[in-house]
Every structure is written in C-alpha cells, then in structure tokens.
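These notes concern the structure reproduced below.
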Amino acid sequence: MQEPRNRSAGGGYFRTKSIEQSIQDTEEPDHALTRSLSALDLTVFGVGVIIGTGIFVLTGAVAKENAGPAVALAFVTAGVVCALAALCYAEFASTVPVAGSAYTFSYASLGELPAWIIGWDLMLEMALGTAVVAVGWSGYVRSLMDNADWHLPNGLQGAAADGFGFDLLAFLLVLVLTAILVLGMKLSARVTALVVAIKVTVVLLVIIAGAFFIEGSNYSPFIPEATGSIAGSGLDAPLIQLMFGYEPTTFGVQGIFTAASVVFFAFIGFDIVATAAEETRNPQRDMPRGILGSLLICTVLYVAVSIVVTGMQNYTQLSVDAPLADAFKATGHPIYGGFISFGAAVGLTTVCMILLLGQTRVFFAMSRDGLLPRFFSRVHPQFATPYRSTVLLGCVVAVIAGFTSIEELAELVNIGTLFAFVVVALGVIILRRTRPDLPRAFRTPWVPVLPIASVCASLWLMLNLPAETWVRFGAWMIAGFVIYFVYGRAHSRMSATTKL
C-alpha cells in the first residue's frame, strides 16, 4: 500500500510543498532524472546561454545611443544587479536540488499559486526566448549563405508583411535541438561544450585583434555630457515615465544607468542553470559554482568587448546594426566581420538549446506536481529525459519560430526574467524564517539586505520597460490564472495531500 505523502504547510492557494517532499519526488520511478552534470558542465551551460548576439551588437549600439565609452561601466552595473540575483539563486539551487528553478523555489517558500504564476511566467520567457533567438540565428546563417551565393526561396526566409513566409532554418534548428535534448543531458552538455569553445574562441580573437587598433583619443570623454531624455508616448513610454513623470536620460551619469537597464538583458540566462539542479551530481557544491562562475566569465567578456569597440572607433561613429564588425571595417580589416558573423551564428545554437532545456525542465516539474497533466512528466526508459514534454514544447516553439515574426514580443522575455528574480529573492528571505533548520551548502550573504537590494534593482529595471510590455505580460498572466483554476488546482498532488 502506498504511504500518504507528507502533509503540506498551510492550505488553499498558498499551501507550500516541503523541501523534503520535493527531493523525495525526484526518486519516483519513471519520473526521475539522471544526475550526470558537473560544475564545469553547468558553467558551460551558463556561458552558452548568456553569450549571444548581445556581445556583438548591443555593446556598440548602447555606446552610441546611451553611454559612450562608459558602456563598460553599464555592463559592470548590470553585472552587479545580476550577481545579487545569482547569489539568491545559488542558495536555493544548492538547498533544493530539484528541476524547475524559480517555480520549485516558490512552491517551497511562497505557496502553490505563486509557484504556478512563476512557472507560467518562466514558460513564456523561455518559449519566446527560444523562438526569438532561433529567428536571429536564421538571419545570421542566411547572411553567411548569401556570401557563398546560396539563397533560400523568399517564401522560406521568414514571416513577410505582404504574404506567406516561413522561416525554414529557424524551424529546423529548434527540431534538431529538441532531438538532442531527448537523446540525453550528457550529450546536450557535450554539444554545448564544443559550441561554447568555438564561440568563446571567436570572442577572444575579436578582443585580442581589436586591442591592436585602439586609439586612446576615442575614450575622451569617457562619460559624455548629458544631452537629453529618452521620451515616449502612450504605451511606448517606459512605465516609470507614465507613473511618475521620470524620463531616463541619454549620456551623463544617468545615461550609464539607462544603458545598464538595456545591457542587463545581455546577461539573461544564468538563472536557467538552476533548472538543471536535479541532473547535477553534486548540486550543493556545483550549482553555486556554475551559476556564479558563468556570470563572472560573461561579465569580463562583455566589459572587454565594450572597451575594445569604443576604443577602435569613436562612439558617435559606431553603427547600430553591426557595430563591432563595422568597427573592424573602419580600421581597414573587414575580414573580421566574417568571424563575428560566424561566432554569432554558432553561439546562438547553444542559446536556443539551453533556453529550450530550461523550459522543458520547468514544464516537467509542474507536470510532476500535477499542475499540468502527469502524462508529460514521464522520463524515457533509455535516455532518462522528459521526452514527452520536450517533444511537445520543441514542436510548439519550432512552429512559432517558423511562422511568426516576434521581435516585438522579445521584451516579454525580459520582464519574465526580472519577475523571476524578484520571486526568488523574496523566497530566500521567507525560507530563512520558515525553515532556519534547513541545511544550506551555500548561504546568500547579508540576508535580508542583499535579497531586498535584488528586489529593488529588478523592479527598477522592470519599471523602465514599455507599458505595452506590461499589458502583454498581464494578458499572459490572466490566461495562466484561468488554467490554474480550471485544471491545476483540482489536479494538484498537494491538493490530495491536504485532504488526507
């Protein structure tokens, strides 16, 4: 006879799932993932998902439009904001080594309804993120194909404003990565390691080569004088402007913080490392190393690239679309533009795969808890991966990437990530109070001051997003509430527990 599950703390919408029960669930037959990842694997995953087109495009664009050479300080500022959140993630991921990341952490600290909300939010973030990056990858590959005089038919190059369009390359990329994820986590780690090695090599080559073309005069002034404000109207304006009349400025000291709110999104991804906690051999030791290590490496690379690009060409002359490649052209070395395009195309494959990996693990955890159909939480008998949820989500994202031009939805990825940061930071404070007895291999320092600082920093960046993004985010959350009350609440395994 099966023993009853442990009773949950609290009841109703805020019933929590104990840490012990969450860990026990990872040992269920047919619903258990294999522990095969090391700290190095996790660090590679982190670097693989963080470094994308941002390092090749965003550095120069923000330097020209917001901060000048001081964009390096903007990257440092954004890195500090991410580090605050990363320290909170590190404590949770090492203490609760269960798939699901912020969803699982919220279930243990805030309760079932908040956990559902954050899980629903994470699925939006990662699904749209994967599709947007796949479309970007397709653009880089088509550019390289055009250089070789290979051309796809117009109808297969992406969504068109004046007729049918299907992005065949983005569609196929997502399907191939889905197959790799089904075949096993260790294979995914090996593919990621190979691609990340190529990507980082290209980045280092660009940094080293660019350093020889730096002119000191391009750094003067390092912090350009403030010249105006970033104004918007209606739903296009930042929410903080509509609420308080505050208008972020360009350049000057305030321009650095405005730039930080933009370049912050180049760091998105380190939190996805936490979704692999259940598949890590020694999560208590390796999760903090993987999360913090990948963030540190990427911050150093971002700062180095920003210093190089603003030193090679005056920030006022940088292009917005391809600033690093064009900076090399301006110094008479256009061949490096090809390296940069190649590095971006290769690098985006790992971004797509790890975003898709994170989404499938959150979906898997929610399914195992009964908030989504349990059918999707069964693992493959040979590969020990959640193959049903992986195939389902992979096909859905592939179709979205193939048929939809969703650049306008990309900011939903940003607001979803920041929302997760807020929830995790609050969860650390709450769990310290409700479970002070819990063994913690890694402890976030200066609690509650540091988590509160993380909440404030994340909320500030959220307020700088357009009001239209908030409206779309609210619509997605309303849809999530409907699904929870129609299906999730009644089928939750914790609901059965509280009735025992």
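Read-outs: derived from the displayed coordinates by stated rules, not from any lab. Being a predicted model, the structure only gives us computed values, none of them experimental. Cβ sites come from the backbone with ideal geometry, for glycine too, and all protein chains shown count toward neighbours.
Per DSSP H run of n ≥ 4, the term is -39500 (n - 2.57); total these for the chain, divide by its residue number, and report the mean residue ellipticity at 222 nm rounded to 500 deg cm²/dmol.
-21000 deg cm²/dmol
Could you please rank Y246, Y302, Y387, placing first whichever residue has the fewest other Cβ atoms within 10 Å of its Cβ?
Y246, Y387, Y302
On each of the three principal axes of the Cα atoms of region 44-98, give max minus min coordinate, whole Å, ordered largest first.
Dimensions of region 44-98 along the principal axes of its Cα atoms: 43, 20, 12 Å.
Dipole size in debye (nearest 20) for the chain around its Cα centre, Lys and Arg Cβ +1, Asp and Glu Cβ -1?
With Lys and Arg at +1 and Asp and Glu at -1, about 1660 debye.
Ordered by packing density, taken as the mean number of other Cβ atoms within 10 Å over each peptide's residues, highest first, how do 44-51, 29-36, 184-191 rank?
The densest-packed peptide leads the list: 44-51, 184-191, 29-36.
Need one number: convex hull volume per residue for the chain, Cα atoms only, in Å³.
So the per-residue Cα hull volume is 149 Å³.
Please work out the C-alpha center-to-center distance from region 335-365 to region 142-212 and express it in whole Å.
The distance from the Cα centre of region 335-365 to that of region 142-212 comes to 8 Å.
May I ask you to compute the full-extension gain from A479 to V449, defined as 0.36 nm times their residue separation minus their alpha-carbon distance, rounded to one decimal in nm?
Contour length minus Cα-Cα distance gives 7.4 nm.
For a Förster distance of 60 Å, can you work out the FRET efficiency between the beta-carbons of N147 and D437, rounded to the nearest 0.05?
Given R0 = 60 Å and the Cβ-Cβ separation, E is 0.45.
Going by how many other Cβ atoms sit within 10 Å of their own, how do K64, K199 line up, fewest first?
Ranking K64, K199 by Cβ neighbours within 10 Å, fewest first, gives K64, K199.
Taking 30 Å as R0, compute the FRET efficiency from the Cβ-Cβ separation of V486 and K186 and round it to 0.05.
With R0 = 30 Å, the Cβ-Cβ based efficiency is 0.20.
Enumerate the helices in the chain for which the Kyte-Doolittle hydropathy averages 0.0 or more and the C-alpha atoms extend at least 15 Å along the helix's axis, using complete DSSP H runs.
Correct list, ordered by number: 39-50, 71-95, 112-147, 168-182, 185-211, 252-263, 283-312, 335-368, 387-403, 410-434, 449-463, 467-483.
Search the structure for amide H atoms under 5 Å from the amide H of T280, placed 1.01 Å from N in the peptide plane, and list their residues when 5 or more places away or on another chain.
Under 5 Å from the amide H of T280 lie the amide H atoms of S36, L37, each far enough along the sequence or on another chain.
Toward the positive end of the charge dipole of the chain, about the Cα centre and with charges on Cβ (Lys, Arg +1; Asp, Glu -1), which of L194, V422, S492 goes farthest?
Result: S492, furthest along the dipole toward the positive end.
Would you kindly give the portion of the calculated P(r) for region 292-347 that falls above 12 Å, as a percent of all Cα pairs?
For region 292-347, the share of Cα pairs beyond 12 Å comes to 69 percent.
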